[in-house]
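These notes concern the structure reproduced below.
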Amino acid sequence: MEENRAAKAIIAVVIPAYRASGSILGVLSQIDDGVDLVVVVDDACPESTGLRVQAECTDPRVHVVFNERNQGVGGAMVAGYRKALELGTTVCVKLDADGQMDPTLIPRFVQPILAGDADYTKGNRFFHVRDVAAMPPVRLIGNAGLSFLCKLSSGYWNLFDPTNGYTAIHADCLREVELDKLEKRYFFESDLLFRLHLVDAVVLDVPMRAVYEGEHSSLNPAREIPRFARSHVRNFLKRVFYEYFLRDFSLASVQLLGGVGLLAFALVHGGWTWAHNVVRDIESPAGTIAVVSISAIVGFVLLQGFFAFDYSRIPRRAMHRLSR
């Protein structure tokens, strides 16, 4: 059955294009025959990348979509995803137009999905120690910070390198995602992970080499941490509300409420008492210290239990298999 499904699979590559007229034809020429469809999305490109593809690319697999206004990588991908679904794709692979992503890796991203082991795959440039050691320190620290925030907001505690744009997704999974609500700009990949967790999609990291030669990325992870923090906090709160209070109410929900309540009590009551006694120049009563300390310890333990439960909820069975 799995072999038949794989044999009938239609693989599409979606390429968001902005200021890529000089590289797009080279990228298209490297996509091998294992890919059935290619969708190039001209995101209101001032270099008319889409028109150049239409004029100079003779590959019958290539389709061009034009956005009337620039929407960022997220908006371009949503337009490309919609076109790929319209053409009947089974798996959609995202490939950048700047030539920094190796098209020969496409089968590595598609295979776990066709095998039923994942709904979504993404690249991880941090898997090989030799690559990590060669990374610029600012990029390394920034990606580590962004990865932790993404783990918290998405619920995929097993993933790393959330800003990696080399991805693949099964069409059945893609149809479950509310595409209109996805972030349009650089937060697109992280926001997609958050929404994938809401539909219990299985996500796997795919090890890949890091390439930085000649790369001039406008996304600086260290600079983006403060900017992304607000969006990650928002998604974390939304995810917790949806998964632990709206859809279900479990022991983990009680642990979260108890942990937050006790830690807040310890912080507010303990802080107020300490400040009050400092002003009066008296020692805090042993009973007060004990109550605050015990509240903080128990609150921390309850929160630890909640996050342990949250880790155990990482989806393990591909949803596109369950839908058949």
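The values are calculated or read from the model by the stated rules, or taken from the named source; none is laboratory data. Given the structure is predicted, the values throughout are model-derived calculations rather than measurements. Counting neighbours? That spans all protein chains shown, and the Cβs are built from the backbone with ideal geometry, glycine included. Ligands, DNA and RNA are excluded from the accessible area calculation, which covers all protein heavy atoms including side chains. Shrake-Rupley method; radii C 1.70, N 1.55, O 1.52, S 1.80 Å.
Using the Cα gyration tensor of region 249-292, with a ≥ b ≥ c the square roots of its eigenvalues, what is the shape: rounded (a/c below 1.5), prolate (a/b larger than b/c) or oblate (neither)?
Prolate, because a/c is 1.5 or more and a/b exceeds b/c.
Do any chymotrypsin sites (Phe, Trp or Tyr not before Pro) in region 226-324 lie in a DSSP loop with no more than 11 other beta carbon atoms within 10 Å, and if so, which?
When the chymotrypsin sites (Phe, Trp or Tyr not before Pro) of region 226-324 are filtered for loop state and at most 11 Cβ neighbours within 10 Å, Phe249 remain.
Between Gln111 and Val301, what FRET efficiency follows from the Cβ-Cβ distance if R0 is 35 Å, with the result rounded to 0.05?
About 0.25, to the nearest 0.05.
Starting from the Cα gyration tensor of region 19-85, take the square roots of the eigenvalues, sort them a ≥ b ≥ c, and report rounded, prolate or oblate (rounded when a/c is under 1.5, otherwise prolate if a/b is larger than b/c, else oblate).
Oblate is the answer for region 19-85, as a/c is 1.5 or above yet b/c matches or exceeds a/b.
Need one number: nm distance between label points at Leu179 and Ala133, each 7 Å from Cα along Cα→Cβ, rounded to one decimal.
Modelled inter-label distance: 4.4 nm.
Among the DSSP beta bridges whose two residues both lie in the chain, what percent are antiparallel, rounded to the nearest 5?
Just about 25 percent of them are antiparallel.
May I ask for the distance between the Cα centers of region 79-111 and region 133-149, given as a whole number of Å?
Region 79-111 and region 133-149 have Cα centres separated by 26 Å.
Given [x] -0.24, -0.50, -0.61, -0.73; [y] -0.35, -0.65, -0.75, -0.86; [z] -0.29, -0.60, -0.72, -0.86 as candidate values of log10 I(q)/I(0) by the Debye sum over Cα atoms at q = 0.07, 0.10, 0.11, 0.12 Å⁻¹, which corresponds to the one derived from the coordinates?
[y]
At a probe radius of 1.4 Å, what is the per-residue accessible area of Met208, in Å² to the nearest 10?
Surface open to solvent at Met208 totals about 20 Å².
Counting only residues 5 or more places away or on other chains, whose amide H sits under 5 Å from the amide H of Val39 once H atoms are built in the peptide plane?
Excluding prolines and chain starts, which carry no amide H, the hits are Val13, Val14, Ile15, His63.
Taking a quarter of the surface of the convex hull around the Cα atoms of region 1-150, what do you get in nm²?
10.5
Could you run the Karplus curve 6.51 cos²θ - 1.76 cosθ + 1.60 with θ = phi - 60° over region 161-173 and give me ³J(HN,Hα) per residue in whole Hz, x for Gly and Pro?
Each residue of region 161-173 in turn: 6, x, 7, 5, x, 7, 9, 8, 9, 6, 4, 4, 5 Hz.
Mind running the shape call on region 61-116? Use the C-alpha gyration tensor, a ≥ b ≥ c as the square roots of the eigenvalues: rounded below 1.5 for a/c, prolate if a/b tops b/c, oblate otherwise.
oblate
Show that you can apply the helix-only estimate: for the chain, add -39,500 (n - 2.57) for every DSSP H stretch of four or more residues, divide by all residues, and state [θ] at 222 nm to the nearest 500.
So the helix-based figure for the chain works out to -16500 deg cm²/dmol.
Could you work out what % of the accessible surface of the chain is carbon and sulfur, using a 1.4 angstrom probe and leaving DNA, RNA and ligands out of the count? Kindly include the intermediate steps, with their values, before the conclusion.
Numbers: 9510 of 16100 Å².
Taking all protein chains in place, the chain shows 59 percent carbon and sulfur surface.
Explain nothing, just compute: Karplus ³J(HN,Hα) = 6.51 cos²θ - 1.76 cosθ + 1.60, θ = phi - 60°, for every residue of region 131-136 in order, whole Hz, x for Gly and Pro.
So the Karplus estimates, Gly and Pro as x, are 6, 4, 5, 8, 6, x Hz.
Just to check I understand the Karplus step: with θ = phi - 60° and J = 6.51 cos²θ - 1.76 cosθ + 1.60, what whole-Hz values come out for region 249-263, glycine and proline as x?
3J(HN,Hα) across region 249-263, in whole Hz: 9, 10, 4, 4, 5, 5, 4, 5, 4, x, x, 5, x, 5, 5.
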